[in-house]
Amino acid sequence: MMNWLILIIAGLFEVAFAACLSKTKFATGSQFYLWMGLFLVCLSASMYLLYKASQSIPMGTAYAVWTGIGAVGTVIVGIIFFKEPASFWRLFFIVTLILSVVGLKFVSE
């Protein structure tokens, strides 16, 4: 169970590094270096935690769950903080992605 928690945290760091990367597009000067530094820290933490989780969770499952958390989280962050569109179809496919990730967890036991 602990490795699943580690994998979820790794996915959240993936969301964080994607958000930091997005912030670098609009940053200049020292703000750019701050966001880029945070991006590198979050990227490193995410990769390390994915590595730790994959020691006991099958890599295919761990990677799919990690990218699923990252994709869903990044879309949600984009909608809330970056004013990206929240169309019916976009939300529909995000829900199907969530169901797929949950399904992978249950069939990997």
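Only the coordinates and a few stated rules stand behind these numbers; no lab work does. These numbers come from a predicted model, not from an experiment. Here Cβ is always computed from backbone atoms with ideal geometry, including for glycine, and neighbour counts include all displayed protein chains.
Quick one: if the Förster radius is 35 Å, what FRET efficiency do Lys83 and Ser44 give, using the C-beta to C-beta distance and rounding to 0.05? Intermediate values should be presented prior to the final figure.
Details: r = 29 Å, r/R0 = 0.82.
About 0.75, to the nearest 0.05.
With angles folded into 0 to 90 degrees, how steeply does helix 29-53 sit against the dominant principal axis of the chain? Use alpha carbons for both and round to 10.
The two axes meet at around 10 degrees.
For the chain, what is the charge dipole size about the Cα centre, in debye to the nearest 20, if Lys and Arg each add +1 at the Cβ and Asp and Glu each add -1 at the Cβ?
Numbers: 6 positive and 3 negative charges, 40 e Å.
Once rounded to the nearest 20, the dipole reads 200 debye.
What chymotrypsin sites (Phe, Trp or Tyr not before Pro) in the range 61-96 are in a loop by DSSP, with at most 15 other Cβ atoms within 10 Å of the Cβ? All intermediate terms of the calculation are to be shown ahead of the outcome.
Numbers: sites: Tyr63, Trp66, Phe81, Phe82, Phe88, Trp89, Phe92, Phe93; in loops: Phe82.
For chymotrypsin sites (Phe, Trp or Tyr not before Pro) across the range 61-96 that sit outside H, G, I, E and B with at most 15 neighbouring Cβ atoms in 10 Å, the list reads Phe82.
Could you name the lysines whose alpha carbon sits less than 22 Å from that of Lys83, not counting residues in the same chain fewer than 8 places away?
Here the lysines satisfying the reach criterion relative to Lys83 are Lys23, Lys25.
What does the charge count near Leu7 come to, summing +1 for each Lys or Arg and -1 for each Asp or Glu among other residues with Cβ under 11 Å from its Cβ?
Working: positive: Lys52, Lys105; negative: Glu14.
Charge balance in the 11 Å sphere: +1.
As I understand it, the value is the acute angle between the Cα axis of helix 88-107 and the longest principal axis of the Cα atoms of the chain; what does it come to in degrees, rounded to 10?
40
Which value in deg cm²/dmol, rounded to the nearest 500, describes the helix-derived mean residue ellipticity at 222 nm for the chain, given -39,500 (n - 2.57) per DSSP H run of n ≥ 4 and division by the residue count?
Numbers: 4 runs with 91 residues, N = 109.
After summing the helix terms and dividing by residue count, I get -29500 deg cm²/dmol.
Calculate, for Val107 and Leu5, the FRET efficiency according to 1/(1 + (r/R0)^6) with r their C-beta to C-beta distance and R0 22 Å; round to the nearest 0.05. Let's see the in-between values first.
Details: r = 19 Å, r/R0 = 0.86.
Working from the Cβ atoms, E equals 0.70.
If you take the alpha carbon radius of gyration of the chain and divide it by 2.2 N^0.38 Å, what ratio comes out, to two decimals? It would help to have the intermediate numbers written out before the result.
Working: Rg = 15.0 Å, N = 109, 2.2 N^0.38 = 13.1 Å.
Normalised by 2.2 N^0.38 Å, the Cα Rg of the chain equals 1.15.
Taking Cα centroids, how far is the range 50-79 from the range 1-28 in Å?
One Cα centre to the other: 10 Å.
Any idea how far apart Phe92 and Ser30 come out in nm if each label point goes 7 Å out from Cα toward Cβ?
4.9
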